[in-house]
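Visitor: Let me give you the structure first, and then I'll get to my questions.
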Amino acid sequence: MSRRIDKSWVVIDSIEPFQSDRCVDIFVRPDGSYGFEEFRRDVEDAGLWTPIRYFSAVNYPSKEATLSAATAAVPWLKDALTRRSGR
């Protein structure tokens, strides 16, 4: 688990692009707020997920609001969500 994802936060969704070298985790905090973080996975890092942005500090009121903000901030996320839904 990333240093930027507190152990008390629960990841409720993890979205990867086709290449599987990036990931966005959507999580919920104990106070009911939501957030997200983007990660990368490289051979040089022994395949570990490494945070590459600082999105996790922002609070959102719902999963939907979080997904909307993440889609606006992460260029590849919209395509990954579309592919995942089969559309």
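The values are calculated or read from the model by the stated rules, or taken from the named source; none is laboratory data. As the structure is a computational prediction, the values presented were derived from the model and not from experiment. Methodologically, a virtual Cβ is constructed for each residue, glycine included, from the backbone with ideal geometry; neighbour enumeration extends over all protein chains shown. Please note that ligands, DNA and RNA were not included when accessible areas were found on the heavy atoms of the full protein model with its side chains. Shrake-Rupley method; radii C 1.70, N 1.55, O 1.52, S 1.80 Å.
Visitor: Here are some conditions: (1) in contact (Cβ under 8 Å) with a residue 40 or more places away in the chain; (2) open to solvent by 60 Å² or more (accessible area, probe 1.4 Å); (3) touching a Pro at 6+ places or on another chain (Cβ under 9 Å). Trp49 meets all but one. Which one does it not meet?
Guide: The number of the failed condition is (3).
Visitor: While we're on this one: Looking only at residues that are open to solvent by less than 70 Å² (accessible area, probe 1.4 Å) and at pLDDT below 90 in the range 65-87, which one is farthest from Pro30 (Cα to Cα)?
Guide: Selected residue: Gly86.
Visitor: Sticking with this structure for a sec: Taking the range 23-40, which residues are over 9 Å from the mean Cα position of the chain (by Cα) and either open to solvent by less than 80 Å² (accessible area, probe 1.4 Å) or in contact (Cβ under 8 Å) with a residue 40 or more places away in the chain (or both)?
Guide: Val28, Arg29, Gly32, Ser33, Tyr34, Arg40
Visitor: Can you name every residue in the range 53-64 that is touching a residue at least 24 places away in the same chain (Cβ under 8 Å) and open to solvent by less than 70 Å² (accessible area, probe 1.4 Å)?
Guide: Selection gives Ser56, Tyr60, Ser62, Lys63.
Visitor: Can you name the strands (runs of 3 or more DSSP E) wholly within the range 1-64 that have at least 1 residues being modelled with pLDDT of 90 or more and out of contact with any Ser or Thr (no Cβ under 8 Å at 6 or more places or on another chain)?
Guide: Hits in the range 1-64: 10-15, 22-28, 34-41.
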